[in-house]
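K.L.:
One structure follows; several queries about it will come next.
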Amino acid sequence: MPLLDIDKDKCVGCGACIDACPFGALSLVDDMVVVNDKCTGCGACLLACPMHALSLPDKRPKEATANLADYSGVWVWVEQFNGQTGDISMEMLGQGRKLADQRKAALTACVLGHHVEHITKEAISFGADRVFWVDNESLGSYTTAPYASTLINLIHEYKPEIFLLGASARGRDLAGSVASLLHTGLTADCTGLDIDPENGLLMQTRPAFGGNIMATIICPHHRPQMATVRYRVFEKPVADCHRQGQVIPVKAAMSADRLTAHVVDSILEKDEVNLADARVIVSGGHGVGGPAGFETLRKLAEVLGGAVGSSRSAVDAGWISYAHQVGQTGRTVRPDLYIACGISGQIQHLAGMKTSKVIVAINTNPEAPIFNVANYGIVGDLFQIVPALTKQFKKRLHK
Amino acid sequence: MNIIVCIKQVPDTTNVKINPETNTLIREGVSSIINPFDMYAIEEGLRLKEKFGGKVTVISLGPPQSINALKEAVGMGTDEAVQLSDRAFAGSDSWATAYTLSLAIKKMGEFDIILCGKQAIDGDTGQVGPGLASQLGITQLTYVFKIVRLDPGTGTIAVERLLEEGREIVEAKLPALLTVVKNINQPRSTSLFHIRRASQLIIPTWTVADLPGADPSSLGLKGSPTQVIKIFSPPKREGALDLIKADGAEEAAAILADKIIAEKIL
C-alpha cells in the first residue's frame, strides 16, 4: 500500500516537496514526483507542495473494536503523587468536561492510589460527574502493572469512548501499556483535542519533528480513543466545591503481594520547582559560563516563583543537571514566561520552548536566533541584566 | 546475559532549518542517524555485557536503508543485528510497531533485558517501549537515568527513574524492558575493529514471512489504530520582537519589568 498519494494531474514537478522530505523519499522522474520506499507517511511534504498535489491515502478497511456504539463517555486519569494531584489532571478535567458536553455524555475521573479519598471530591469539584475510586496498597506508589490492569478491567466493564491521561512520565508510561493491551490507538503529547461535529470522533492534534509540523490524528475503529495531553495546554477550570457527583469504590486488579516492581526510594529535588508545571522559567545556556552563573539565574527565578531551565550545552558542560534541560533531548515546556539568558536558540532548544506564552531573550549577540521567537529582547551581558531584573521585579512584586 | 536493544533510524535534525515563510522544514542533503536516545540504550547494553558477559543484539524496524543504523550499532560493538523490513510494515503507528517488534523478539528466544531510548526525536511519542513491554508481558521501567544494581543470580534489577518531581528507585524482576534518558552514560564511538566486523557481518532482514503467527491485519498502515487526517504548519508566534534599547542594564531591566508586569502573566 503506498503511503503517499501523488495527484499526477496537479504535480508540476517543481521539486518543493523533495527538499521538505526528512527521509529523502521523493525524487523527480520525467518532471513528475515519485515516492520510493523510504517514505514513512509522515506528511511533512504535504505543506511544501504549492499545487496541493500530495495527500495521505485513506485507508482503514477493518473494524477492530466490536460494537463501537457501546462505548460512551469521557474518562480522565487523575495522577497523584504522595496523595497530591498536579494541575495537569485538572486541566484535563476542564477539557474533558467540554468534550463530554459536546458528546452529551458523562465525565468520569479515575482516582487510583492508597489513602486518596480526598482526591475524589477534588475531581468532582473540577468537573467530573462520576469518580472511580480505587484504594489499595498495591497502588500506593505508582508502578505500571497494578495501575494498568485496574484501568483495563474498568475499561472492559464500563466502555469509555475517550480516555485522557497527562503526558507526564507516569502518564506516558501508563498510557502506552494500557493502549497496547487493549489494542487501541494512542496519540501521545496532544496539544489540541476537539470533537469532529460530523462524525463525533476525537480529533487529536500533536506536534511532530520537534514542533515543526502539526498533525491531527483520529482513531476511527478502535475504542477507547486514547490520548496523552501535554502540560499547560488547556485552562485549569475554577473549582466548584458545591458540585455533586457519584463516587464509586472499585477493587484493585492486583494485590500488593503480586507486584513485580517496587518503588523503594524517592529522591525529590528540593527547592526546585517542577519544570513541566512551572509558570515561569528562567533558563541559561552557553553564555552563563559555569555553575556559578546559574546562581544568578536562580535568584531571578526565586523572585518570580519560577524554575531554572537550561540549554543542552550547559548540561553537557556539567554546569547543571539533566533534569533542567529544555529542548528536543530534554523537556518540552510551556510556561507563561520563559526568560532565555545566554541561549543562542538552536532549533533543538526552540522545539522545547517556543510555545511559551511570553518569551524574553537576553543575549550579547544581536544575531542570535533566539530573538526570532522572542517577544522581548535585550542585547547585553546577562550578568548585568539578570541581577538588575531581579532587583526591579523585587521592587514591583513587593518581595 | 542476553540483551536486546531496539533502535530507530531518524532524520538528522541538526541539518534541519525552518523556512520562515512557509514554516516548513528545509533539509540540506538527507542524512539519517541512530535516534540519539537509542545511542544511550546501545551504550548501556554494551556496558552490561562488559560487566556480566553475554550478548547484545540490536533490532530495528524500518525501510531498507535502516540497515545502516544497525551497521553503526555493530560498529560500536554490539554482537548481532536483526533488521525488520517489509512493505507490509510500512506506515506502522506505535501500536503496530510494538506488535511487530514483539513478534520478532519472541522469535529471537530467551532474553534478560530489553533496552530502548525513551522516545524517538522524529515522532516524539515514547510509546513503543511501553507498548512492546506490554505485548511481551514483561515489566517496563521507563525514563531510566541509572541502573543502580543488577543481579543476574537472583534475576533482579534496581533502576533510578527520572520523573517530574525528581527521581525514584524502582526494584523489579527480570526480564524487563528499560527505556533510557540522556546522560545515563556517554555513548562510545564506533571503533575500527568493530566497523570491520560490521562490514563482514551478515545482518538478516526479516519480513512478514519470517515472523511466525503474524496477523497481517495487525501490521503496518492497515494494523495501525491511529490515522493522520491533517498536517499543518504550527501557528506562528504572534507579534514582532520588542527590542529594548536603554542606557545601561538598570534602565533596560526597569523597562522590561514594566512590560512583563503589563502582560499580566505574573
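The values are calculated or read from the model by the stated rules, or taken from the named source; none is laboratory data. This one's a predicted model, so the numbers in the text were calculated from it and none came from an experiment. All Cβ positions, even for glycine, are placed from backbone atoms using ideal geometry, and neighbour counts span all protein chains on display.
K.L.:
Select from the range A:121-148 the residues that are of a type in the set (A, V, I, L, M, F, W, C) and in a helix (DSSP H, G or I) and write down the one among them that is nearest to A:GLN246 (Cα to Cα). Give the derivation first.
P.N.:
Within the range A:121-148, the first condition is being of a type in the set (A, V, I, L, M, F, W, C), and the residues that meet it are A:123-124, A:126, A:128, A:131-134, A:139, A:145, A:148.
Within this subset, residues satisfying the condition of being in a helix (DSSP H, G or I) are A:123-124, A:139, A:145, A:148.
Working: A:ALA123: 11, A:ILE124: 8, A:LEU139: 22, A:ALA145: 27, A:ALA148: 23 Å.
It comes out as A:ILE124.
K.L.:
Sort out which residues of the range A:149-199 are basic (Lys, Arg) and farther than 26 Å from B:PHE232 by Cα, and write them in order of number. Lay out the reasoning, then the answer.
P.N.:
The first filter runs over the range A:149-199 and keeps only residues basic (Lys, Arg), leaving A:159, A:170, A:172.
Correct list: A:LYS159, A:ARG170.
K.L.:
Within the range A:149-177, which residues are part of a loop (DSSP other than H, G, I, E, B) and closer than 21 Å to A:GLY83 by Cβ?
P.N.:
Our first condition is that a residue be part of a loop (DSSP other than H, G, I, E, B); within the range A:149-177, this holds for A:159-161, A:167-168.
Answer for the range A:149-177, where residues must be part of a loop (DSSP other than H, G, I, E, B) and closer than 21 Å to A:GLY83 by Cβ: just A:SER168.
K.L.:
If I ask for residues that are in a loop (DSSP other than H, G, I, E, B), facing chain A (nearest Cβ under 8 Å) and surrounded by 14 or more Cβ atoms within 10 Å (Cβ to Cβ), which ones from the range B:212-245 would you list? Walk me through it before giving the result.
P.N.:
Filtering the range B:212-245 for residues in a loop (DSSP other than H, G, I, E, B) gives B:212-215, B:219-226, B:233-241, B:244-245.
Right, trim to facing chain A (nearest Cβ under 8 Å) and you get B:220-222, B:224-226, B:233-234, B:237, B:239, B:241, B:244.
Those that are in a loop (DSSP other than H, G, I, E, B), facing chain A (nearest Cβ under 8 Å) and surrounded by 14 or more Cβ atoms within 10 Å (Cβ to Cβ): B:GLY220, B:LEU221, B:LYS222, B:SER224, B:PRO225, B:THR226, B:SER233, B:PRO234, B:ARG237, B:LEU241, B:ILE244.
K.L.:
Filter the range A:8-22 down to the residues that are among the acidic types (Asp, Glu) and surrounded by fewer than 13 Cβ atoms within 10 Å (Cβ to Cβ) and list them by number.
P.N.:
Applying the first criterion (among the acidic types (Asp, Glu)) to the range A:8-22 yields A:9, A:19.
The answer is A:ASP9, and nothing else.
K.L.:
Also, quick follow-up: Quick check: is even one residue across the range A:324-332 in contact with a helix residue (DSSP H, G or I) (Cβ under 6 Å, 6 or more places away or on another chain), free of Cβ contacts under 8 Å to residues at least 60 places away in the same chain and more than 9 Å from chain B (Cβ to nearest Cβ)?
P.N.:
yes
K.L.:
Could you count how many residues in the range B:93-108 are within 17 Å of B:GLN227 (Cβ to Cβ) and either in contact with a Cys (Cβ under 9 Å, 6 or more places away or on another chain) or more than 9 Å from chain A (Cβ to nearest Cβ) (or both)?
P.N.:
Within the range B:93-108, residues that are within 17 Å of B:GLN227 (Cβ to Cβ) and either in contact with a Cys (Cβ under 9 Å, 6 or more places away or on another chain) or more than 9 Å from chain A (Cβ to nearest Cβ) (or both) number 2.
K.L.:
Quick check on this structure: which one of B:ASP242, B:ASP258, B:ASP247 is farther than 27 Å from A:MET226 by Cα and in contact with a strand residue (DSSP E or B) (Cβ under 6 Å, 6 or more places away or on another chain)? If you could, list the steps in order and put the result at the bottom.
P.N.:
Working: B:ASP258 fails: in contact with a strand residue (DSSP E or B) (Cβ under 6 Å, 6 or more places away or on another chain); B:ASP247 fails: in contact with a strand residue (DSSP E or B) (Cβ under 6 Å, 6 or more places away or on another chain).
Of the residues listed, the single one that is farther than 27 Å from A:MET226 by Cα and in contact with a strand residue (DSSP E or B) (Cβ under 6 Å, 6 or more places away or on another chain) is B:ASP242.
K.L.:
Output the residues belonging to the range A:342-360 that are small (Gly, Ala, Ser) and under 20 Å from A:ASN212 (Cβ atoms). First the steps, then the outcome.
P.N.:
So in the range A:342-360, the residues small (Gly, Ala, Ser) come out as A:342, A:344-345, A:351-352, A:356.
Answer for the range A:342-360, where residues must be small (Gly, Ala, Ser) and under 20 Å from A:ASN212 (Cβ atoms): A:SER344, A:GLY345, A:ALA351, A:GLY352, A:SER356.
K.L.:
Are there any pairs with C-beta distances below 8 angstrom linking a residue in the range A:1-20 that is over 13 Å from A:CYS49 (Cα atoms) to a residue that is charged (D, E, K, R), with the two at least 6 apart or on different chains, and if so which?
P.N.:
A:MET1/A:LYS59; A:MET1/B:ARG87; A:MET1/B:LYS222
K.L.:
What are the pairs with Cβ atoms under 9 angstrom where one residue, in the range A:172-193, is facing another protein chain (nearest Cβ under 8 Å) and the other, located anywhere, is assigned to a helix (DSSP H, G or I) and among the acidic types (Asp, Glu)? Sequence gap at least six, or different chains.
P.N.:
Hits for this filter: zero, empty list.
K.L.:
Please pick out the residue among A:PRO207, A:PRO220 that is part of a loop (DSSP other than H, G, I, E, B) and facing chain B (nearest Cβ under 9 Å). Let's see the steps before the verdict.
P.N.:
Working: A:PRO207 fails: part of a loop (DSSP other than H, G, I, E, B).
Answer to the selection: A:PRO220.
K.L.:
Of everything in the range A:14-49, what is among the small types (Gly, Ala, Ser), over 18 Å from A:PRO2 (Cβ atoms) and more than 10 Å from every other protein chain (Cβ to nearest Cβ)? Give them in sequence order.
P.N.:
Within the range A:14-49, A:GLY15 is the sole residue that qualifies.
K.L.:
Restricting to the range B:142-157, what's the tally of residues that are more than 7 Å from every other protein chain (Cβ to nearest Cβ), part of a strand (DSSP E or B), without any contact (Cβ under 8 Å) to a residue 60 or more places away in the chain and not acidic (Asp, Glu)? Full working, then the answer.
P.N.:
Initial filter on the range B:142-157 (more than 7 Å from every other protein chain (Cβ to nearest Cβ)): B:144-157.
The next check asks that each one be part of a strand (DSSP E or B); those that pass are B:144-151, B:156-157.
Then keep just the ones that are without any contact (Cβ under 8 Å) to a residue 60 or more places away in the chain; that gives B:144-146, B:148-149, B:151, B:156-157.
With the extra rule that they be not acidic (Asp, Glu), the set shrinks to B:144-146, B:148-149, B:156-157.
Residues meeting the conditions: 7.
K.L.:
Shifting gears a bit: If only one of A:ASP336, A:ASP381 is surrounded by fewer than 20 Cβ atoms within 10 Å (Cβ to Cβ) and within 7 Å of chain B (Cβ to nearest Cβ), which one is it? Steps first, answer last, please.
P.N.:
Values: A:ASP381 fails: within 7 Å of chain B (Cβ to nearest Cβ).
Step by step, each of A:ASP336, A:ASP381 is checked, and only A:ASP336 is surrounded by fewer than 20 Cβ atoms within 10 Å (Cβ to Cβ) and within 7 Å of chain B (Cβ to nearest Cβ).
K.L.:
Can you find, within the range A:50-92, the residue that is modelled with the highest pLDDT among those that are in contact with a Cys (Cβ under 8 Å, 6 or more places away or on another chain) and facing chain B (nearest Cβ under 10 Å)?
P.N.:
Applying the first criterion (in contact with a Cys (Cβ under 8 Å, 6 or more places away or on another chain)) to the range A:50-92 yields A:50-51, A:53-54, A:75-78.
Okay, now just the ones that are also facing chain B (nearest Cβ under 10 Å), so A:50, A:54.
On the way: A:PRO50: 84, A:LEU54: 89.
Per the criteria, the residue is A:LEU54.
K.L.:
Given the residues B:THR78, B:THR57, which is the only one that is assigned to a loop (DSSP other than H, G, I, E, B) and not small (Gly, Ala, Ser)? Working first, answer last.
P.N.:
Details: B:THR57 fails: assigned to a loop (DSSP other than H, G, I, E, B).
Being assigned to a loop (DSSP other than H, G, I, E, B) and not small (Gly, Ala, Ser) holds for just one of B:THR78, B:THR57, which is B:THR78.
Conditions (1) surrounded by 14 or more Cβ atoms within 10 Å (Cβ to Cβ); (2) within 12 Å of another protein chain (Cβ to nearest Cβ); (3) touching a Lys or Arg at 6+ places or on another chain (Cβ under 9 Å), marked per residue:
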position	(1), (2), (3)
A:HIS242	no, no, no
A:ALA253	yes, no, no
A:ALA256	yes, no, no
A:LEU259	yes, yes, no
A:VAL264	no, yes, no
A:GLU269	yes, yes, yes
A:LEU275	yes, yes, yes
A:VAL280	yes, yes, no
A:VAL288	yes, no, no
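For (1) assigned by TED's automatic domain parsing to the domain that holds A:TYR142; (2) buried (at least 21 other Cβ atoms within 10 Å of the Cβ), each residue gets a yes or a no:
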site: A:ASP30; (1), (2): no, no
site: A:ASP37; (1), (2): no, no
site: A:LEU54; (1), (2): no, yes
site: A:TRP77; (1), (2): yes, yes
site: A:ILE88; (1), (2): yes, yes
site: A:ARG97; (1), (2): yes, no
site: A:GLN102; (1), (2): yes, no
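K.L.:
Next up: From the list B:ALA209, B:ALA172, exactly one residue is within 7 Å of chain A (Cβ to nearest Cβ), of a type in the set (A, V, I, L, M) and outside any loop (DSSP other than H, G, I, E, B). Which is it?
P.N.:
Working: B:ALA209 fails: within 7 Å of chain A (Cβ to nearest Cβ).
So the residue among B:ALA209, B:ALA172 that is within 7 Å of chain A (Cβ to nearest Cβ), of a type in the set (A, V, I, L, M) and outside any loop (DSSP other than H, G, I, E, B) is B:ALA172.
Residues are listed down the side, and each one gets a yes or a no for (1) assigned to a helix (DSSP H, G or I); (2) of a type in the set (D, E, K, R); (3) free of Cβ contacts under 8 Å to residues at least 40 places away in the same chain; (4) over 21 Å from B:ALA214 (Cβ atoms):
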| site | (1), (2), (3), (4) |
| --- | --- |
| B:SER66 | yes, no, no, no |
| B:VAL74 | yes, no, no, yes |
| B:VAL82 | no, no, no, no |
| B:SER92 | no, no, no, no |
| B:ILE105 | yes, no, no, no |
| B:GLU110 | no, yes, no, no |
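K.L.:
Take the range A:146-171 and flag every residue that is within 12 Å of another protein chain (Cβ to nearest Cβ), among the hydroxyl-bearing types (Ser, Thr, Tyr) and within 17 Å of A:MET254 (Cα to Cα).
P.N.:
Hits for the range A:146-171 are A:TYR147, A:SER149.
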